[in-house]
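What follows is one structure encoded as structure tokens, with my remarks underneath.
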Amino acid sequence: MVAIQCNALESDSTAAAAWRLDRVSFASDERPVVSLEFHPRLNVVVVDEGRAGPTVERLRRALGEGEDGTHVEFTLTAGPALVAFRPVGGRHRLIDIARAEERPLTLLGELAEAEPAPEQADGRAIVAALSPLEQHALWAAADQVLALRAELAGGDRTVVALPGGEGPATPTIDLRRHQRRGLLRRWSRAATPPGDDVAAQLAAAERTWQALAGTIDADTAMPYRDRSEAAARVLVRLGALAAVSTADSAAAGAAGDADAAIDAVCALVPLRRPSGGPHIVEVPGPATGELITLLLDHLATLSDDRQIVVVTSDEQVVDWARLEHHARRAALLRLDVDA
């Protein structure tokens, strides 16, 4: 039997991903159409025990070549709403919904395949090294290094410095998130002293970065930013719990296990995607204790500027999702369908 329950939320204009999922539908000759309607920010898809992994893989396949009967509706942030229409036994097409025109069918796959930088063999070590540092100063320094490298290479700067402050304190702004790019670029030029050489600025920025991060390169570190910030936040909060817990409590034991916290962060928090598309992650069960709740809270924070889809069968995660849904911070969906 197929059952679907969708609890939709109102659209949230704060979601700023380059593209987002609106709906994924599954159909076949043997069963009616089953649809998941996604919120632009945070979604929790509840499945039967043992089905989380296969469901994640099925959703990811739907964003690629896709199978007969798998339809995907999605929206480009700065463009139209589109649907990848894949009828059973029929020709697969990508249609601009507003104009009723066909687009290249490969577009969805190209967006979905714009994966983050490959996972480094020492990715966990990078997170462990960066998470104890002061995160605001760390990533301000990384933004400055990468912006100056792009300028020196003749590329288009997407993160620029604004007047006021020096070194890690220099305010920056991401031009990709703002319509008034020309005005912001003029402001950014005002932050650069007349005649100051870009190479010299870069050398100074590199020294600031190295003083914070050591031998880890800024380009290597950037895909791990979300994981570093998540680990830093979780470790601080677990440490605070340990300070008010008895020595034999479970909270104190979890707080003292930094390795377990970093392992959990690396398993759950995804790397950054250059495409700005949706993150589809599985929360394996049993996911118990304060640690998983803290990580879920961090995923909710990440959904402020990207779409996240969490697939789970774990009761603790479902209980957390119910609270988030009642607070109108997440969409809770139930999917019961053979993978």
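When LEU130 is tested against the conditions (1) modelled with pLDDT under 90; (2) farther than 27 Å from ARG20 by Cα; (3) not assigned by TED's automatic domain parsing to the domain that holds ALA200, the lone failure is (1). Can you find a residue that is modelled with pLDDT of 80 or more, surrounded by fewer than 13 Cβ atoms within 10 Å (Cβ to Cβ), charged (D, E, K, R) and within 23 Å of ALA264 (Cα to Cα) anywhere in region 134-147? Yes, region 134-147 contains a residue that is modelled with pLDDT of 80 or more, surrounded by fewer than 13 Cβ atoms within 10 Å (Cβ to Cβ), charged (D, E, K, R) and within 23 Å of ALA264 (Cα to Cα).
Where helices (runs of 4 or more DSSP H) sit wholly within region 30-140, those with at least 3 residues that are touching a residue at least 24 places away in the same chain (Cβ under 8 Å) and within 24 Å of HIS325 (Cβ to Cβ) occupy 52-62. Just one of the numbered conditions (1) more than 26 Å from the chain's Cα centre (by Cα); (2) not assigned by TED's automatic domain parsing to the domain that holds ILE262 is not true of ALA213: (1). There is no residue in region 101-116 that is at pLDDT 90 or above, touching a Ser or Thr at 6+ places or on another chain (Cβ under 9 Å) and on the phi < 0 side of the Ramachandran plot.
Every residue, every condition in (1) of a type in the set (Val, Ile, Thr); (2) closer than 30 Å to PRO284 by Cβ; (3) at pLDDT below 90; (4) loosely packed, with under 13 Cβ neighbours inside 10 Å, yes or no:
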| residue | (1), (2), (3), (4) |
| --- | --- |
| GLU10 | no, no, yes, yes |
| GLU30 | no, yes, yes, yes |
| VAL47 | yes, yes, no, no |
| VAL56 | yes, yes, no, no |
| PHE74 | no, yes, no, no |
| THR77 | yes, no, yes, no |
| LEU82 | no, no, no, no |
| PHE85 | no, no, no, no |
| HIS92 | no, no, no, no |
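Taking the numbered list (1) hydroxyl-bearing (Ser, Thr, Tyr); (2) surrounded by 13 or more Cβ atoms within 10 Å (Cβ to Cβ); (3) more than 19 Å from VAL311 (Cα to Cα) in turn, SER35 passes all entries but (3). For the residues LEU111, LEU105, the requirement of being within 30 Å of ALA264 (Cα to Cα), surrounded by 14 or more Cβ atoms within 10 Å (Cβ to Cβ) and among the aliphatic types (A, V, I, L, M) singles out LEU111. Scanning region 319-337 for residues that are touching a residue at least 24 places away in the same chain (Cβ under 8 Å) and surrounded by fewer than 15 Cβ atoms within 10 Å (Cβ to Cβ) returns ARG328, ASP336. Selection within region 196-217: residues that are assigned to a loop (DSSP other than H, G, I, E, B) and free of Cβ contacts under 8 Å to residues at least 60 places away in the same chain. The member of this set that is farthest from GLN120 (Cα to Cα) is ASP196. Each residue in region 309-332 was checked for being more than 18 Å from the chain's Cα centre (by Cα) and assigned to a loop (DSSP other than H, G, I, E, B), and 4 of them qualify.
The values are calculated or read from the model by the stated rules, or taken from the named source; none is laboratory data. On a predicted model such as this, the values are computed, not experimentally measured, just so you know. Backbone-built Cβ (ideal geometry, glycine too); neighbour counts: all protein chains shown.
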